[in-house]
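The structure appears below as structure tokens.
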């Protein structure tokens, strides 16, 4: 079978409107969405289907989507979806954000980037939940249109999850702060025009009482420098970079929340973590569903030993095992999505869904890749890209080890 034919058949299977029906719709796990969400889903699906694959291959070579796609996404209504309309956002509910995230994943592993979800569901909520009126009005309308691309800078070369070891420091200088330090593994970092940057503002205090979040705009501060785009194992269309801050003078109005936000960044980050971890869970679940459907199509088409692979018992039983875990993963994710939309997703449950779904995709995509044989190891096939892209999911937004620690604390604190 020619590889081009196979790729096209997979694309048809995974992009058609009812591609999930064989696995999920028929058992009623999607009842959290209504007709408005379904209409928006179609808008998202058409947006991703309209992008020429030659363009995507260029993104892959550049290790990140080019900035022009951001304004296109803004024009299509795919940015800052649940940002209040009075601040220039779309003003929809959180479930519309979940739909947008799902459809980018269902478009396939070529669309790990651009990082629209980080921009919409991580950075924007910080602004509309904690920002001053001036900060909201300055950035949120441009973020909604795609004129402003954002990133969030927490991780440093010397430590990831250990905020206590944070070395980026904003020193008080009169009414201003002088920012110095660096961040690494920053998604959207290559093209970001504004970064939400975590920095120590009180070295003598514990992290919980000595971190602030600063809005640092590359258009205003030439000392905000970017390293080269990092070459990752997977997710090649999602740009990731190092950021450097050299004697950047920032007014107190650059602190998220203004002067009242000084030394309160840690609490802001803790409050936003459930949403960030749920977003990671939604992505993991959808990429796993995509991988399952792509493999189902492949095993129906691939001929071996006188018939399709799908006729072999070992293939069928592996697929049965994976489908069972796919459904479990989807049920848990939908439950947590519904909880978050109702304002009821707690830290422990958010940690559990992030842990379970990201471990599940790594466990099951490994099984699925095996069914592709040697072709599964070829980069041109979607299972290889999904496999490579999935590996980092147990690392970012809190490693699996950190999730287990947080969950265990809740177990023994009672």
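Considering only 349, 314, 132, the mean-square fluctuation computed in a Gaussian network model of the chain, springs between alpha carbons under 10 angstrom, is largest for 314. Working from Cα pairs under 8 Å separated by at least six residues, relative contact order for the chain is 17 percent. Between residue 42 and residue 331, the simple spin-label model (points 7 angstrom out along Cα→Cβ) gives 3.1 nm.
Spatially, segment 87-159 and segment 194-241 are offset by 15 Å when compared through their Cα centroids. Between residue 380 and residue 167, the modelled labels are 4.5 nm apart [label points 7 Å from Cα along Cα→Cβ].
Among 249, 45, 55, the residue with the largest mean-square fluctuation in a Gaussian network model of the chain, with springs joining Cα atoms closer than 10 Å, is 55.
For segment 298-414, what log10 I(q)/I(0) values come out of the Debye formula at q = 0.09, 0.12 1/Å, with one point per alpha carbon and no solvent? Listed by q, the Debye log ratios stand at -0.34, -0.56. Highest mobility in the GNM of the chain, judged by mean-square fluctuation with C-alpha springs under 10 Å and restricted to 104, 235, 342, is found for 342. Summed over all non-identical Cα pairs, the Kirkwood treatment of segment 247-351 gives a radius of 17.5 Å.
If the chain linking residue 344 and residue 225 were pulled fully straight, counting 0.36 nm for each residue of separation and taking away their Cα-Cα distance, it would gain 38.9 nm. Going by neighbour counts of Cβ atoms within 10 Å, the residues 79, 262 line up, fewest first, as 262, 79. Name the residues of segment 344-385 whose amide N is less than 19 Å from a point 7 angstrom out from the Cα of residue 270 along the C-beta direction? Under 19 Å, as judged by backbone N against the label point of residue 270, lie 344-352 of segment 344-385. Put a dot 7 Å past the Cα of residue 305, heading toward its Cβ, do the same for residue 320, and the two dots end up 1.7 nm apart.
Exposure proxy ranking for 299, 324, based on other Cβ atoms within 10 angstrom of each Cβ and starting from the fewest, stands as 324, 299. Using C-alpha pairs under 8 Å with a sequence gap of at least 6, the mean separation divided by the residue count of segment 74-201 gives a relative contact order of 23 percent.
Throughout, read-outs are computed from the coordinates displayed, never taken from laboratory work. Note that the structure is a prediction, hence the values are computed from the model and not measured. Heads up, the Cβs are rebuilt from the backbone with ideal geometry, glycines too, and the neighbour counts pull from every protein chain shown.
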